Amino acid sequence: MEAVPARARAYVACVAVAALLCLLPLPAVRTPWWALALLTAVYAGCEQAAARWRFAGTFHPVLLAGAFLLPPPAAALVALPGALLSPVERRPRGLRRIWRAAQLAVSVWAAARVHGALGGRDAVVAADFPYALVPAGAAVLAFCLVLSLLDGGILALAERVPVRRAWRGLFLRSLAPVAVHGLAGLMMAVLWRSPYGPVAALLVLLPMFVSWWVFAQYHRERAAHQATIRALVQAVDIKDEYTRGHSERVGQASMMIARELGMDDARTEVLRFAGILHDVGKLGVPTRLLRKDGPLTPEERRVIELHPEYGHEMVRGISFLGEARAAVLHHHERLDGSGYPYGLMGGQIPESARVVAVADAFDAMTSTRSYRRARPVGAALEELERCAGSQFDPRMVTALVRALSRHGWHPAVTADEADEAGVPPPRSSTAGRPGVRR
């Protein structure tokens, strides 16, 4: 969003105007100013602490407590100072601050309106449970819905995400975490109105901060994992220039197969890692062999066939990879036992390796290499089906065919493919044993 299109700036301006309109009735509304000031100060302090400790996201419990305690214009004001004063890393910083402040103000205003319309403030004062959960839940839904609508718009206009994908999944992804923050905000509001007062209400923030800190640590660890994998893949891409981008595409295809097979999100992510890292062992293979245009000698082929073992040695100590390590070692095994490095057969081959084997072969066939041009997707799938049962697991082939028929194949264009005119024509002398060469 550094070079922000004019239409995105206009969109931000419209949302900012909407936020100002939400605030306009404030002088005429009966507002507990001391409560507004305290909530505003607490939210601004939380945002500063989050920036200092590098937490991800916004601390919504205070905003939602404001929506449960204050009239809509006052609740909208709670977000403004914290959002406008919080540090912003990327440019344009001023526009980003205005966008964040306006987005939050409009969302909190909508939540407060829904909460008040359903009698939520009376339920909070009376601590009327379980009825108090109804207006609070509706307010959380409104908050999430407005946030998602506004986020989708900025993705489409500023980040140039296709319109049909801009809003996909935003609401559902935000609902669970915001619902937890909504419960904390409701607890704050009830305690605030109780004889224990605001001090007791603010104590609710302590466990929320602890959980937020744990969540932030998880994201930092995940970012470190991604950086480790990215560095290894970049090293492979630099060494084997003809397969640049291959690792990411195999990761994408492995993920599609895993989802089609109904695997959970955690295992799907591990299989994506497996696809991305399957060729990391090529770092141990002489570069001259990886870039050789002519046919390989039997000795040279044996050297290249050591790359799964090299790769396994490289990643065996990375605990978060889990079963991806087995896929790195065994992705060149074949169901009929003629693969390498150990000649495993059928069910002896780990499931993760059978997934990656199909994804690897599919991308190898649909990408231009030094020894041949890319095949059409349909032809590649026909070849996979022909080799199913001997070289590949038929379940994995069927899963890939179904996934591609549903979602299509949209790989990133790599440097070698963009310069396809400079790639030598196919050389049949490089073909190995029957089946798919990768």
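The values are calculated or read from the model by the stated rules, or taken from the named source; none is laboratory data. All of these numbers come straight from a predicted model, not from anything done at the bench. All Cβ positions, even for glycine, are placed from backbone atoms using ideal geometry, and neighbour counts span all protein chains on display. Each accessible area value is taken on the protein alone, full model and side chains, heavy atoms only, with ligands, DNA and RNA left out. Shrake-Rupley method; radii C 1.70, N 1.55, O 1.52, S 1.80 Å.
Please enumerate the residues belonging to segment 314-324 that are free of Cβ contacts under 8 Å to residues at least 24 places away in the same chain and either buried (at least 22 other Cβ atoms within 10 Å of the Cβ) or in a loop (DSSP other than H, G, I, E, B) (or both). Break it down stepwise before answering.
Residues of segment 314-324 free of Cβ contacts under 8 Å to residues at least 24 places away in the same chain: 316-317, 319.
Matches in segment 314-324: ARG316, GLY317.
Can you work out which of the residues in segment 15-33 that are part of a loop (DSSP other than H, G, I, E, B) and not basic (Lys, Arg) is surrounded by the fewest Cβ atoms within 10 Å (Cβ to Cβ)?
Step by step, filter segment 15-33, then rank; the result is LEU24.
Could you run through segment 144-175 and say how many residues are open to solvent by 20 Å² or more (accessible area, probe 1.4 Å), over 26 Å from TRP212 (Cα atoms) and assigned to a helix (DSSP H, G or I)?
Looking only at that region, the number is 4.
Which pairs turn up if I take residues in segment 255-272 that are surrounded by fewer than 22 Cβ atoms within 10 Å (Cβ to Cβ) and look for partners that are of a type in the set (Val, Ile, Thr) and assigned to a helix (DSSP H, G or I) with beta carbon separation below 7 Å, at least 6 apart in sequence or on another chain?
ARG259/THR268
Could you list, in sequence order, all residues of segment 105-143 that are assigned to a loop (DSSP other than H, G, I, E, B) and of a type in the set (A, V, I, L, M, F, W, C)?
Of all residues in segment 105-143, those assigned to a loop (DSSP other than H, G, I, E, B) come to 118-119, 126-132.
Within segment 105-143, LEU118, ALA126, ALA127, PHE129, ALA132 meet the criteria.
What number of residues in segment 176-195 are surrounded by 17 or more Cβ atoms within 10 Å (Cβ to Cβ) and within 19 Å of the chain's Cα centre (by Cα)?
1
With respect to the numbered conditions (1) over 21 Å from GLY262 (Cβ atoms); (2) surrounded by fewer than 20 Cβ atoms within 10 Å (Cβ to Cβ); (3) small (Gly, Ala, Ser), which one is the sole condition not fulfilled by ALA364?
Looking at each condition in turn, ALA364 falls short on (2).
Select from segment 290-311 the residues that are part of a loop (DSSP other than H, G, I, E, B) and either of a type outside the set (Ser, Thr, Tyr) or within 18 Å of GLY339 (Cβ to Cβ) (or both) and list them in ascending order.
ARG291, LYS292, ASP293, GLY294, PRO295, LEU296, GLU305, LEU306
Pick from segment 273-288 the residues that are over 23 Å from ALA359 (Cα atoms) and in a helix (DSSP H, G or I): which of them is most open to solvent (accessible area, probe 1.4 Å)?
ARG288
Step by step: first the residues of segment 196-208, then only those that are assigned to a helix (DSSP H, G or I) and in contact (Cβ under 8 Å) with a residue 24 or more places away in the chain, then the one that is nearest to the chain's Cα centre (by Cα). Which residue is that?
Per the criteria, the residue is MET208.
Have a look at VAL42, VAL12, VAL88 and point out the one that is open to solvent by 20 Å² or more (accessible area, probe 1.4 Å) and outside any loop (DSSP other than H, G, I, E, B).
VAL42
Listed residues GLY389, GLY378, GLY347; which is at pLDDT 85 or above, in contact with an Asp or Glu (Cβ under 9 Å, 6 or more places away or on another chain), loosely packed, with under 14 Cβ neighbours inside 10 Å and among the small types (Gly, Ala, Ser)? Let's see the steps before the verdict.
Numbers: GLY378 fails: in contact with an Asp or Glu (Cβ under 9 Å, 6 or more places away or on another chain); GLY347 fails: in contact with an Asp or Glu (Cβ under 9 Å, 6 or more places away or on another chain).
The conditions single out GLY389.
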